[in-house]
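The values are calculated or read from the model by the stated rules, or taken from the named source; none is laboratory data. Note that the coordinates shown come from a computational prediction; the quantities given were computed from them, not determined experimentally. Here the Cβ positions follow ideal geometry from the backbone for every residue, glycine too, while neighbour counts run over all protein chains shown. To get the accessible areas, we keep the full protein, side chains included, count just its heavy atoms, and leave off ligands, DNA and RNA. Shrake-Rupley method; radii C 1.70, N 1.55, O 1.52, S 1.80 Å.
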Amino acid sequence: MNTRTLKVDKGVDNDDGYQQSVDCLRNGGLVAFPTETVYGLGALATDQDATKRIFEVKGRPSDNPLIVHIGTKEEVSTYAAEIPESALRLMDAFWPGPLTLVFNEKPGIIAENVTVGRGTVGLRMPDHPVALRLLRLLGGPLAAPSANRSGKPSPTKASHVARDLDGRIPFILDGGATGVGVESTVIDMTSTPPAILRPGGVTVEMIEAVIGPVRSEMRAEEAEAPRAPGMKYMHYSPDAPVWLIGPDLIQIEQAVRTLTDKGLKVAVIGPDELKTDKPSWYFATGAYADPRQLATHLYDALRKCDETEADVILAVEAPAQGMGVAVMNRLKKAADGKRFFD
Ligand code: TXA
Ligand code: MG
């Protein structure tokens, strides 16, 4: 299959690209498209054969449900069996935006392999002009996981999608780099209080300011909180092994020396302030004090490591609040929990 990348930049006449994408989706095909978080790999969520192809193309385990993207808030009542009052408040505060709400589903509408028969459905209205225009032209729901091969870092640029999926999908809508950089927050609205299943683009602090206390896996005393099924898989991994390290220049340089002395080439992913020329490569992801910047640049930096000859990657830990929580969640997975100094 030939993969065509269609640019949908502002100021260009893009109608043809959108029409081709919509036709493709209506015929059961897959289209990669940008959202404000990461690029998604979309299929019509009501078409069981189309959504099956998502799992094949990504190499994704079939027990991990897909998020369903919608173009308007009104569509929630088409797919959700009931909408709790707190969910309405979250939708008002954060939609369109990087928040996925898990509802009890109305049976028989969304394809069964999307919800993997759990009786719930994760819905989100993305905050990106390309995604919204595609959804509105399509006039239907799009099941869309991140548009990467399973296990690889999520794509934040069209070129990342092409690298993983070239030849496997017909269309990539190229809307430039995404902004948020990590995936949406997933919150289960079927439990009381609601439970954060995956930290992401909307922080716990932001959510609690709107609906009060929620359960979140980040708090030790609530470690038994249910998780999104996807959380158990190894994720976001570049080719070389990743080790976490504290935000401390002396430690970083010491670790680099230890590894270099063993004949290993080292890449470091870290904040601007700690940039050092001791490792062979240093990928700076923004100001340490602003974890939003770290989130925006994280996946690109992980992917850039794959373009080097690094044998080992050291990733500097992010602050433990705000967006730092989502960044640390992804970094821990990339490192499989390993810290260099433990
Ligand atoms: O930002 C995002 O959420 C991106 C963009 C493309 O929208 N999408 C994304 O999808 O990250 P994916 O498939 O890579 O991650 C979906 C996560 C998984 O952890 C999955 O287990 C969880 O959401 N999820 C989806 N539906 C669920 C459900 N019904 N119940 C519990 N967890 C669900
Ligand atoms: Mg993903």
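For this structure, a couple of remarks:
- Among the criteria (1) more than 14 Å from ligand 1 (Cβ to nearest atom); (2) open to solvent by less than 20 Å² (accessible area, probe 1.4 Å); (3) at pLDDT below 85, the one Met218 does not fulfil is (2).
- There is no residue in region 161-174 that is closer than 24 Å to Glu82 by Cβ, outside any strand (DSSP E or B) and in the same structural domain as Val12 (by TED's automatic domain parsing).
- Taken as a whole, region 276-291 holds no residue that is in a helix (DSSP H, G or I), modelled with pLDDT of 95 or more and open to solvent by 30 Å² or more (accessible area, probe 1.4 Å).
- Unmet criterion (only one of (1) more than 26 Å from Thr185 (Cβ to Cβ); (2) under 20 Å from the mean Cα position of the chain (by Cα)) for Gly337: (1)
- Matching residues in region 234-255 - criterion: being touching a Ser or Thr at 6+ places or on another chain (Cβ under 8 Å) and not assigned by TED's automatic domain parsing to the domain that holds Asp277: Tyr236
- Exactly one residue among Pro129, Pro155, Pro141, Pro84 is open to solvent by less than 10 Å² (accessible area, probe 1.4 Å) and more than 11 Å from ligand 1 (Cβ to nearest atom), and that residue is Pro141.
- Condition met for Gly59 (on the phi > 0 side of the Ramachandran plot and either of a type in the set (A, V, I, L, M) or open to solvent by 40 Å² or more (accessible area, probe 1.4 Å) (or both)): yes
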